[in-house]
Amino acid sequence: MTALGDIAAAPADLVARRAVGRSLEAPFYTSPEFFDLDIAAIFAEHWIFVAADAELPEPGDYVSAALGPYSIIVVRDDDGNLRSFHNVCRHRGARILADDRGSVGNIVCGYHKWTYGTDGTLLHAPSQPSGFDPSCFGLKPVHVRSVAGLVFVCLAEQPPGDFAEVAARIEPYLLPHRLRGAKVAAQVDVVEEGNWKLVMENNRECYHCDGHPELLRSFFPTYGYTEENLPPRLRPAHERYLSVDAELRQTCRRLGLPHELVEELDTRATGFRIQRDPLDLAGESFTADGRAACRRLLGDLPTPRLGHLSLHLQPNSWFHVVGDHAITFAVLPIAPDRTLLRTTWLVHPDAVAGVDYDPDALTGVWTATNEQDAHLVARAQRGVGSPAYEPGPYAPSEYQVEAFCNWYTTRLRTHLGR
Ligand code: FES
Ligand SMILES: [Fe+2]
């Protein structure tokens, strides 16, 4: 098949003939049709990670997020509960809240001042005739749920039914770190010049991790490999890993922290992977020497030497939780070739910048890693845009990339009724 033929094929045909174990064909990453399909089949159908609870601690605090053409608001209502709405005015449709975050008494549209409560009810619509019924014009609600301090929304009327079960399985790992009451130490937005799937695929393998010298100091270079596919050069690192892993398991048993790998990346609607894994060097944190970057530990845990808790969720997020901080990563599609990666660092609520932690030391490793990844994603996007590109084979250590693509194409098939 010629490259031109691939470009001309309908999305449904490309989904149907996707070759297992190989990267996706070019239009998945480049065509507006696939972008629209991804929004409809993935971002409007599944639970999407958009924020940490800690980003909106007080009633009236809100964040907004764009999922392709959708814009949603997550707001803490007057009773302290999370609510989510489409950020679309019920008068003539204007975008209501223009900022990414803020705090409001009521939600007021800046166009003609229709005013909504934080529970979405229309409180005031100036100069409407008698007989106007405000109860018909509340903000359109969006499903929202916090899982141990991580906030997810779902635009679908009927969200995937397995989310509660997945939440129940990952919460025991997360809850000891008390992310719900944590504090935002930093947040960095990077607009990557690539399709959102290239951002996710890049996250799901460490085949490229030689490009991350800062991360590799604390990360075992064996990440992503199994005993079977471990390159000989990584054998000494693997031996070190096994010894530190045994120590970590003992610590977890003593503290009652779950650590076992659970991996159901492409066998359910809410695909996930969770594991507590050791870190190299001092084994505490993502820093140059592996020591904690923050003196106050999350959740008042008695030791910082807890390795890292790694959570991967389909379709758009991953998380690293270490003894002294947590990092959340949200992947939000903007256009076929542009994606927002929002990275948020959380610390103990009483930790003070400049006293308990140096913000640069806290954020340095993953800021550098994100920049390196953004370059790799942009390179990949440029490459797949060439008519000469054809899907290539995944290495065994890229099995999570295959799982992501399998999860994704399975969802598209379901959406397309194939
Ligand atoms: S469009 Fe919002 S008040 Fe008119
Ligand atoms: Fe990377």
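Each value in this text was obtained by applying a stated rule to the coordinates, not by laboratory testing. This structure is a prediction, so every number in the text was calculated from the model and none was measured. Counting neighbours? That spans all protein chains shown, and the Cβs are built from the backbone with ideal geometry, glycine included.
Observations on the structure shown:
- Restricting region 362-384 to residues that are surrounded by 15 or more Cβ atoms within 10 Å (Cβ to Cβ) and away from ligand 2 (no atom under 12 Å from the Cβ), the residue that is farthest from P336 (Cα to Cα): L362
- Within region 262-274, the set of residues being surrounded by fewer than 19 Cβ atoms within 10 Å (Cβ to Cβ), assigned to a strand (DSSP E or B) and either on the phi > 0 side of the Ramachandran plot or among the hydrophobic types (A, V, I, L, M, F, W, C) (or both) comprises V262 only.
- Some residue of region 73-82 being touching a helix residue (DSSP H, G or I) at 6+ places or on another chain (Cβ under 9 Å) and surrounded by fewer than 20 Cβ atoms within 10 Å (Cβ to Cβ): yes
- Exclusive hit being touching a Cys at 6+ places or on another chain (Cβ under 8 Å), within 26 Å of D79 (Cβ to Cβ) and in contact (Cβ under 8 Å) with a residue 24 or more places away in the chain, set H143, H177: H143
- Residue match in region 128-146 (condition: more than 26 Å from N106 (Cβ to Cβ) and outside any loop (DSSP other than H, G, I, E, B)): no
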